[in-house]
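In what follows, a structure is listed as structure tokens, so that the remarks can point back to it.
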Amino acid sequence: MATRVVVDPVTRIEGHLRVEAMLDSDNKVHEALSSGTMWRGIEVILKGRDPRDAWAFAERICGVCTTVHALASVRSVENAVGITVPKVAEIVRNIMFLTQMVQDHVIHFYHLHALDWVDVVSALSADPAATATLAQQVSPHWPKSSEGYFRDTAATLKKFVESGQLGLFANAYWGHPAYKLPPEANLMAVAHYLEALKWQKELIKIHTVFGGKNPHPNYLVGGMPCSIDLQSDNAINIERLELVRAKILEARDIVEQLYVPDLLAIASFYKDWAAIGEGLGSYMCYGDVPQNGIGDPAHFRFPRGAILHKNLGEVLPVDPTHGDEILEEVGRSWYRYPEGKAALHPWEGHTEAHYTGPKPPYEHLDENGAYSWLKTPRWKGNPVEVGPLARMLVGYASGRADFKAVVDGALGKLGVPATALFSTLGRTAARGLESQLAVGWLQDEYDRLIEALKGGDNNTADTIRWEPATWPKDCKGFGFTEAPRGALGHWIHIQDGKIANYQCVVPTTWNASPKDAQGRRGAYESALIGTPMADPQKPVEILRTIHSFDPCLACASHVYGPDGRELAVVEIG
Amino acid sequence: MTKTDGSPAPVLVLAFGNLLLEDDGIGIELLRGVEAAGDDARVEFVDGGTQGIALGAALAGREAVLLLDAVRLGAAPGTVHHLREPLRCAPPRGDSAHGANAGELLATAALLGDLPARVEVLGIEPASTRTGIGLSPQVAAAVPTAVRAATEILAAMLAAASGTTPCR
């Protein structure tokens, strides 16, 4: 047995996103290429399998998105064979969905995105007393805001940095002129980052209660595999539900007293980013959190719809099962479609690798040819952005009072107009505002669950159509959810009880897609155009915009000068 | 299975891996082998899949942790690796929250003061991590050796751990 001291990582990366940005002579981005460099073949793995098992494979696609893939998968099968899940199962799914969304958003903000705006090294020079004053202004009801607390935090941070374990904070551009926060705001944000890390370990216990285990909770075609009985010792009883209630209250505190106040405080120093990173201006979501069954989008807490060209006066209807509303092109991707096909609906989807790119390691991509392992999905021919901003805008434009209250409240506090939403700052803010809605809905869904249980309804699964013999010989289904980073769809085709075809269109495919046949850019590419860069060797500005989408990919950014020379290679976290 | 309350078992065996990427699933395969070999209330087995810092809850409060994973060090595929100081080697700040990154998980635990005193890694050099289910022949052949090695490490961790062995 070899015993080695390591040089290479014990690491694992889900996929790889590469962004190449071309700058003009005044260091503004004038062209961008977004390329996903890993091929995922879940479709190939699922062909021929039992549709009732698909969720367990889909759950393994991504480490963070386990629950959303499982949910989209069971819904696709239920849609295909005609199962309506019982009300209690629907509520439990909603609770698990909202829990994951809140946890993912908070971690994205503090752990992945905040360091694009917060200078950790600057925090070391903060005055703890002044930080305490600032924190008490920003979050007056949060208990941990004393001078001593911030002194301790600074000491912990200093010790960590001095121990040579900077690691967590190594991959950034401390001291870059694009960082605008005073040292005290930086220290406050770092303290809250530590609080968020501690808390996220707690919230996810909700998944363990309902899903039996985490990180791979159990799902079931037809409902949920858990048994709930308030009085029983052998089921999810009132004691377990009390734990869920307590975790929801903690989540509310974290979102309402740390996340949203920090977000607005930090945003107030970066209002120039309300005019950067606009991108497509077109948005789409499938909606989620059903109140009356998955077949009734009119009663979703997250409404379904699309907005084109920043027109908030009209929310367009979306039907992902309609033959040609959603089509995927592969003209700029490393795939081949059957002869004569330029675009396919996911039900007809085809995944045949056909690599024509340069031999790795390469210096740059061929901007005139195929340049990505991601396909190019389009809605009614339009490139659209998916994610929190899309959901908040569709809710807002649909006239929903709950959406209007949080959006208008934040715009008022920042003193910016609604057009500020179409930006990198807007995208980042939308995630926080959505979390605010989501924690409130978590409480509502919990209350609905208790009410149903008290009324004697504890049916968590409909098993009448469990046996494939009860299914149509040939059927198709669409399963969807709103994953934290956007609309997620699974399309299934079942023949003789087995999977004949299975296609996933994930949110990052919508956002990071390459250009389409008309040469129109995807959301990432489009959002980078016009971005000013203070120092092209340290492209923190590109990171800000790409991170604002919360990519479900690791990525490397390559920045090119006017002569095509590579200026920097940056790993994006 | 992750507990939701009470104090955690002193020893954790945590596997990383994506079962859909051939040899990337090594850790999960090893977990099954080690789990079958041992039944002791002082150890908890967790299939971490491809999660990163979200596994922080699993690490907190442990005395010793054995990570099972694919380990790529440039050796011949199927080589069994035993790493005693993984924090020194793994690149910490992750590229994404979406890949389990043992280094990031360990560094985050260290920042929070949750890092167990003893952390070791037992893994196998992968041959192929393309999309697909099942291990390559070279790696599959090394699994029994690796399971034996992991079981020995676990036994040593348990011998040093607090608490008594339950009656069988």
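The values are calculated or read from the model by the stated rules, or taken from the named source; none is laboratory data. The structure presented is a predicted model; accordingly, all values stated were derived computationally and were not measured. Heads up, the Cβs are rebuilt from the backbone with ideal geometry, glycines too, and the neighbour counts pull from every protein chain shown. What goes into the accessible areas is simple: the full protein's heavy atoms, side chains included, and nothing from ligands, DNA or RNA. Shrake-Rupley method; radii C 1.70, N 1.55, O 1.52, S 1.80 Å.
Within region A:193-212, is even one residue on the phi < 0 side of the Ramachandran plot, surrounded by 22 or more Cβ atoms within 10 Å (Cβ to Cβ) and touching an Asp or Glu at 6+ places or on another chain (Cβ under 6 Å)? No, the conditions are met nowhere in region A:193-212.
Condition check: within 14 Å of another protein chain (Cβ to nearest Cβ), among the polar types (S, T, N, Q), part of a helix (DSSP H, G or I) and touching a residue at least 24 places away in the same chain (Cβ under 8 Å). Does A:Gln257 satisfy that? Before you say what the answer is, go through the steps one by one.
Working: within 14 Å of another protein chain (Cβ to nearest Cβ): no; among the polar types (S, T, N, Q): yes; part of a helix (DSSP H, G or I): yes; touching a residue at least 24 places away in the same chain (Cβ under 8 Å): yes.
For A:Gln257, the condition - within 14 Å of another protein chain (Cβ to nearest Cβ), among the polar types (S, T, N, Q), part of a helix (DSSP H, G or I) and touching a residue at least 24 places away in the same chain (Cβ under 8 Å) - is not met.
Put simply, of A:Ile326, A:Ile307 the only residue that is of a type in the set (A, V, I, L, M), more than 24 Å from A:His493 (Cβ to Cβ) and in the same structural domain as A:Ser513 (by TED's automatic domain parsing) is A:Ile307.
Quick check on region A:358-367. Is at least one of its residues open to solvent by 40 Å² or more (accessible area, probe 1.4 Å), in contact (Cβ under 8 Å) with a residue 60 or more places away in the chain and not in a loop (DSSP other than H, G, I, E, B)? Checked against the condition, which is being open to solvent by 40 Å² or more (accessible area, probe 1.4 Å), in contact (Cβ under 8 Å) with a residue 60 or more places away in the chain and not in a loop (DSSP other than H, G, I, E, B), region A:358-367 yields no hits at all. Please indicate, with yes or no, whether at least one residue in region A:418-428 is outside any helix (DSSP H, G or I), surrounded by fewer than 16 Cβ atoms within 10 Å (Cβ to Cβ) and modelled with pLDDT under 95. Among the residues of region A:418-428, not one is outside any helix (DSSP H, G or I), surrounded by fewer than 16 Cβ atoms within 10 Å (Cβ to Cβ) and modelled with pLDDT under 95, which makes the answer no.
Suppose the filter is in contact with a Gly (Cβ under 7 Å, 6 or more places away or on another chain), modelled with pLDDT under 90, more than 7 Å from chain A (Cβ to nearest Cβ) and part of a loop (DSSP other than H, G, I, E, B); does B:Gly94 pass it? In short, no.
Would you confirm whether any residue within region A:479-492 is touching a helix residue (DSSP H, G or I) at 6+ places or on another chain (Cβ under 8 Å) and either more than 21 Å from A:Arg304 (Cβ to Cβ) or open to solvent by 20 Å² or more (accessible area, probe 1.4 Å) (or both)? I'd like the intermediate steps shown before the answer.
At the first step, the residues of region A:479-492 found to be touching a helix residue (DSSP H, G or I) at 6+ places or on another chain (Cβ under 8 Å) are A:479-492.
Applying the additional criterion that residues be either more than 21 Å from A:Arg304 (Cβ to Cβ) or open to solvent by 20 Å² or more (accessible area, probe 1.4 Å) (or both) yields none.
Within region A:479-492, not a single residue is touching a helix residue (DSSP H, G or I) at 6+ places or on another chain (Cβ under 8 Å) and either more than 21 Å from A:Arg304 (Cβ to Cβ) or open to solvent by 20 Å² or more (accessible area, probe 1.4 Å) (or both).
Can we say A:Leu187 is open to solvent by less than 10 Å² (accessible area, probe 1.4 Å), assigned to a helix (DSSP H, G or I) and assigned by TED's automatic domain parsing to the domain that holds A:Ala130? Yes: the conditions hold for A:Leu187. In this structure, does A:Pro377 turn out to be open to solvent by less than 10 Å² (accessible area, probe 1.4 Å), outside the structural domain of A:His108 (by TED's automatic domain parsing), within 25 Å of A:Glu329 (Cβ to Cβ) and touching a residue at least 60 places away in the same chain (Cβ under 8 Å)? The answer is yes for A:Pro377. Residues in region A:517-538 that are within 18 Å of A:Glu367 (Cβ to Cβ) and not small (Gly, Ala, Ser): A:Gln518, A:Arg520, A:Arg521, A:Tyr524, A:Glu525, A:Leu528, A:Ile529, A:Thr531.
For region A:514-547, the tally of residues that are under 22 Å from the mean Cα position of the chain (by Cα) and farther than 18 Å from A:Thr424 by Cα stands at 2.
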